[in-house]
Amino acid sequence: MWRRKRPATRLAEIQQLYRKYASGQMTLPAISLLSFLHKEQMELTANEGMVENLIDRYEIEETARDNRSMTFEGFLRYMESKHCCVFNQAHTSVYQDMDQPLTSYFISSSHNTYLTGDQLVGKSDLDAYICALRKGCRCLEIDCWDGQNMEPVVYHGYTLTTKLRFKDVISTVEQHAFEVSAYPVILSLENHCSQQQQEVMARHLISILGDKLLKEPLGNPNTAALPSPNDLKYKILIKNKKRLPQNESEDAAGAEVEESADESEDEDEDEEEEEEVHQRKVKSWSMRKAGPKKKKKKVAVADTLSNLAIYTTSVKFISFSHSKDNQNDCEITSMEENKARELVKASGANFVQHNHRFLTRVYPAGARIFSSNYNPQEFWNVGSQLVALNFQSLGLPMDLYDGRFQDNGGCGYVLKPDVLTSTQRRFDPGCIQPRQRHTHLLLKVISGSNLPSPRTTKALDLFVRVEIHGIASDCRRKSTHSVKNNSLNPYWDAVMNFSINIPELCLVQFCVRDQTGRFSSESVCQYTLPFMSLKKGYRWVPLRSRDGCSLDSASLFIFVWYS
């Protein structure tokens, strides 16, 4: 329907659509508008009532409204409204089932939440927690260390990062936890404090958070092993290790403390390696000699803090089989990205099965001293719920993160697709059997409007790159040609086709880039959304700047179809 040559502006494209359905009449009758919605926009549920509402909302010419028709100006207002955004507006509110156990959701999670820069000399700031919460983050990391005057502090240990008082962090969380989402917040404590200061931490948590703090298991949870986001609305959960029950004798008690340190501290060994990296960088420590690693003396968890770990008790990951036989449903394991990546490659299906029952947190490698991020998609592909990133770092990983979690009203909880929760078949994202019928996605990138220009001395040579991020066999990218010296209204009229196995896991990114050389380009702006949130038909794409901010007037005009 759009193979013939068209004028090279968005306005001209919309005018041509209007004329086609007006069929020579001065205005577009309601019945013709309904035909347009059915045939071009694939709004198959549209009816006369919907058309009437659109005319009342977007048509301001009184005669046309009385005649139940639409002028071109009214049609243009409709085409540039939220109704024609590429992102399904039904997904801007919570629409998913929120009564499933926590393991059934991707949960927005941050790493080193307190930092605004790198992990060596970066600044710690309470605003970082506020920003994360306002982005819908539901799992915050708090690195806790002994401070002066018996006041625990939050910072990246053994580095020159600045320090925050623990109680100020908790007060900030209390104030902002539920500003944008009513669903539970998890405080992931990386606890390095003495027992005395752990007692202080527990007192602050209880006194500052009050009724928001989950202090005991729910009286009437759903039938699942873990409660649901709905069960835990407006509650704050503590992720920390638990102290094992102590025997009567001091020797036995001491032994159990050691066992707790060795077996139930999920992140200690990996975090110690991170600390060593920073110690070498900041203090120029010499490399350790080869041989058995000398363990630091462990400090047992204080009872009052231990008692606050209800549904998110930290335990060390040993193996999938060990977890299956020994791990409780209310226990959570954490692993560094490289360890998690090895498990994805070696046993993706078992990883998916593990995440059916247990919560898993993945966090960036300690070598990422400048707070860079990994691609979160590889761990979403196996159903890991808490895939933690450095929110202060810009780039593709955070673009994907923003795209994933704008779904379901931006509440920070996105229901995992059936392929990751079904017990009827084993799913391995690395070993996909070819489907008899793939999902075919057709995109036509038509034009751009008011695209940003970071350079003032020269107009940009812009092209659009469309990337599909999902399981490995679905990852693809295609680009338009570049339009020379035009960022006001570039026109590409480029058709792209994609074949997709698991669309439910895919994210689609539209990236506008400046062709800076024959083989080089720079990102100008982008927009990322879940495949399942794509609207069919003629749509506009609301572009975001490189720092993730909305660019109100900048957009792409595209056509979408898939089956």
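The values are calculated or read from the model by the stated rules, or taken from the named source; none is laboratory data. What you are looking at is a predicted structure, and each value in this text was computed from that prediction instead of being measured. Cβ placement follows ideal geometry from the backbone for every residue including glycine, while neighbour counts extend to all protein chains displayed. Each accessible area value is taken on the protein alone, full model and side chains, heavy atoms only, with ligands, DNA and RNA left out. Shrake-Rupley method; radii C 1.70, N 1.55, O 1.52, S 1.80 Å.
Going through the stretch 352-366 one residue at a time, which ones are within 19 Å of the chain's Cα centre (by Cα) and surrounded by 22 or more Cβ atoms within 10 Å (Cβ to Cβ)?
Those that are within 19 Å of the chain's Cα centre (by Cα) and surrounded by 22 or more Cβ atoms within 10 Å (Cβ to Cβ): Val352, Leu359, Thr360, Arg361, Val362, Tyr363, Pro364.
Only one of the listed residues (Glu342, Glu272, Glu265) is at pLDDT below 95 and surrounded by fewer than 19 Cβ atoms within 10 Å (Cβ to Cβ). That residue is Glu272. Across the stretch 450-497, the number of residues qualifying as open to solvent by 30 Å² or more (accessible area, probe 1.4 Å) and under 28 Å from the mean Cα position of the chain (by Cα) comes to 13. Could you check the stretch 162-184 and list, in sequence order, the residues that are of a type outside the set (Phe, Trp, Tyr) and under 24 Å from Ser93 (Cβ atoms)? If the condition is that a residue be of a type outside the set (Phe, Trp, Tyr) and under 24 Å from Ser93 (Cβ atoms), then His176, Ala177, Glu179, Val180, Ser181, Ala182, Pro184 are the ones that fit. Against the list (1) in contact with a His (Cβ under 6 Å, 6 or more places away or on another chain); (2) more than 23 Å from Gln41 (Cα to Cα), the condition Thr516 fails is (1). Residues being on the phi < 0 side of the Ramachandran plot, under 17 Å from the mean Cα position of the chain (by Cα), outside any helix (DSSP H, G or I) and in contact (Cβ under 8 Å) with a residue 40 or more places away in the chain are represented in the stretch 122-136 by at least one member.
Screening Ser482, Ser523, Ser473 for residues that are among the small types (Gly, Ala, Ser) and farther than 28 Å from Asn408 by Cα leaves exactly one candidate, Ser482. Condition check for Thr528 on (1) within 18 Å of Arg546 (Cβ to Cβ); (2) open to solvent by 10 Å² or more (accessible area, probe 1.4 Å): one failure, at (2).
One residue stands out in the stretch 68-97 among those that are open to solvent by 40 Å² or more (accessible area, probe 1.4 Å) and among the small types (Gly, Ala, Ser): the one that is farthest from Glu40 (Cα to Cα), namely Ser93. If the condition is being hydroxyl-bearing (Ser, Thr, Tyr), free of Cβ contacts under 8 Å to residues at least 12 places away in the same chain and farther than 24 Å from Leu534 by Cβ, then the stretch 10-65 contributes Ser23, Ser32, Thr63. Each residue in the stretch 187-242 was checked for being among the polar types (S, T, N, Q) and assigned to a loop (DSSP other than H, G, I, E, B), and 6 pass.
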